[in-house]
Amino acid sequence: MNQTDIVTKVLETVKHKGADAAEISYAEGRGISVSCRQGEVDTIENNNDKSLSLTVYKNGAKGTASTAVVNDDSIALTIDKALAIAALTAPDEAAGLAEKDLLATDFKDLQTAYDNPFDPETLIEYALAATEGARAEAANQQADVVVDEANVEIGDGYAIYANSTGFIGEKRGSNCSASVVAIAKQNGEMEREYWWDAVRDFQQLMDAKTMGAKATDRSIAQLGSRQVKSQQVPVLFDPAMSKSLIGHMLSAIQGSALYQEASFLKDDLNKQLFPDWFNISEDPFIPGGFGSRNFDSNGIATKSRTLINQGVLTGFMLSLYSARRLNTQPTGHGGGAHNLTVNVPTSADLVKQMERGFLVTSLMGQGVNTVTGDYSRGASGFWVEDGAIAFPISEMTIAGHLKDMFRNIRAVGADVDRRSKIHTGAWLVDGMTIAGD
């Protein structure tokens with residue numbers, strides 16, 4: 001049987017066994033990864049996986065079971081387990097399938113699947129070229145650098161979501177990523193840094209030698225790191241770090257945090273969070289986007305929208321279950337956010353604009369509380385003086401409150417990072433507390 005026949009047969013079987021309704025997710029994927037250490041091939045790994053997850057509803061109760069072995073016997077056992085769990089579970093009025101008028105009916109070609117190479121030779125060639133690029137840059141700077149690891153991974157997957165209302169939706173996707181880790185040494189000091197890239201199409205992956213050189217540059221630049229005195233200064237989050245701030249906002253506006261009253265933004269719908277020039281749009285239909293999809297994990301149609309409009313939070317992100325718990329409508333976010341883009345006037349040189357402060361290139365620790373909004377994390381990067389990078393700093397702590405940080409964004413950089421479903425440049429945030437010496 002093909003994949004559609006499998007899920008259709010399972011749904012028919014659970015109906016005959018007495019379920020009032022059911023939904024099923026079937027997924028299969030394959031992947032290959034190559035790791036080289038110090039210029040030698042270290043590991044080559046392949047994976048090929050399948051999974052099936054079934055949820056049944058009976059008399060208002062819900063039962064879920066899954067299997068990683070997709071054959072007749074395992075599927076039959078999964079069906080029986082799901083029905084048995086439903087029989088032992090208390091009814092939940094928020095559980096159940098989405099209404100038909102919410103389900104996706106328009107399935108766009110999102111261009112998320114590519115014919116990527118799965119032969120180890122191609123990946124080994126890339127990893128060794130990245131190592132060569134890192135070593136060449138070290139020689140060019142006459143620096144002592146060890147290329148600790150170069151890694152390349154490729155994967156693709158196929159998934160179906162179907163339910164007993166007759167909905168069947170399919171998704172395909174490809175992903176490629178690569179990274180290089182370099183260790184720079186000087187006078188007994190060692191600094192470990194890296195660089196990486198992620199795309200869907202292997203042909204669009206960053207040039208291997210350029211990636212290696214970037215990793216080397218970053219490790220050398222951190223040599224001689226020190227601390228600075230505790231003070232309040234502007235903090236410039238580089239693009240990869242600024243994306244984490246959007247991630248904290250997303251955690252606070254997702255439905256589960258809201259109905260559990262575990263969000264510092266639970267009362268801020270339609271309120272000003274950011275400066276009035278700041279906008280974030282969401283578009284699930286960007287061709288090849290990391291967050292592109294026609295429907296969410298409940299089969300509900302996704303939609304484009306402006307999440308932050310002139311600084312104002314215009315909506316939450318609600319799955320079907322969380323929307324019912326909140327007595328409102330779902331927003332197509334079962335499974336999370338889609339492609340987010342910060343749409344603002346951008347600045348080309350935020351270091352010069354900052355004049356004096358802390359450029360953060362790395363964050364550590366888990367000191368972010370999305371219940372209260374308190375923010376405190378370890379950080380390293382560079383001290384900026386007179387609009388130019390002065391020296392590297394490390395073992396610092398940056399602290400503030402997320403609402404204050406959002407309001408105090410002075411500028412956003414033109415250096416947009418597109419390596420995930422969140423696209424933004426660097427953020428220059430005024431009035432943060434840093435602690436070191």
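A short reminder: the numbers here are calculations on the coordinates, not readings from a lab. Keep in mind it's a predicted model, so treat the numbers as computed, not measured. Backbone-built Cβ (ideal geometry, glycine too); neighbour counts: all protein chains shown.
Summary table
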quantity: Straight-distance crosslink candidates among lysines, where the alpha carbon sits under 20 Å from K303 and sequence neighbours closer than 8 are dropped; calculated: K100, K108, K171, K421
quantity: Fewest-first sequence of F118, F274 by Cβ atoms within 10 Å of each Cβ; calculated: F118, F274
quantity: Inter-label distance for K17 and D201, nm, one decimal - labels placed 7 Å from Cα along Cα-to-Cβ; calculated: 4.4
quantity: Charge-dipole axis of the chain as Lys and Arg at +1 and Asp and Glu at -1 on Cβ define it, positive-most pick from L110, P120, S53; calculated: S53
quantity: Theoretical gain in end-to-end length, E28 to A90 [0.36 nm per residue, Cα-Cα removed]; calculated: 19.1 nm
quantity: At R0 = 56 Å, FRET efficiency that the Cβ-Cβ distance of A139 and D109 yields, to 0.05; calculated: 0.75
quantity: Global geometry of the chain, whether rounded, prolate or oblate, following the gyration tensor of its Cα atoms and the 1.5 cut on a/c; calculated: oblate
quantity: Options Q3, N408, Q38, ranked by Cα towards positive dipole end of the chain, top entry (Cβ charges); calculated: N408
quantity: Check: the stretch 240-337 dipole with +1 on Lys, Arg Cβ and -1 on Asp, Glu Cβ, in debye; calculated: 180
quantity: Gaussian network model of the chain, springs between alpha carbon atoms under 10 Å - residue of K303, K229, K271 with greatest fluctuation; calculated: K229
quantity: Point-to-point label distance, N47-N327, nm (Cα→Cβ direction, 7 Å offset); calculated: 4.3
quantity: Fewest-first sequence of S242, S53 by Cβ atoms within 10 Å of each Cβ; calculated: S53, S242
quantity: Proximal lysines to K17, defined as alpha-carbon separation beneath 17 angstrom and excluding residues fewer than eight positions away on the same chain; calculated: K9, K58, K62, K81
quantity: Projected label distance in nm at A399 and E40, using a 7 Å step from Cα toward the beta-carbon; calculated: 4.8
quantity: Ascending count of other beta-carbon atoms within 10 Å, so fewest first, for H16, H333; calculated: H16, H333
quantity: Gained length - I389 relative to Q366, 0.36 nm times residue gap less alpha-carbon distance; calculated: 5.6 nm
quantity: Distant-in-sequence amide H partners of G291 (H built 1.01 Å from N, under 5 Å); calculated: N339
quantity: Cα centroid separation, the stretch 390-408 to the stretch 243-315 (Å); calculated: 23
quantity: Helix axis angle, 208-221 relative to the chain longest principal axis, alpha carbon, degrees; calculated: 50
quantity: Choice from G212, G155, G188 with maximal GNM fluctuation in the chain (Cα, 10 Å cutoff); calculated: G188
quantity: E189/R305 FRET efficiency (R0 51 Å; Cβ-Cβ; nearest 0.05); calculated: 0.55
quantity: Top of H338, H423, H248 by mean-square fluctuation, Gaussian network on the chain, Cα under 10 Å; calculated: H248
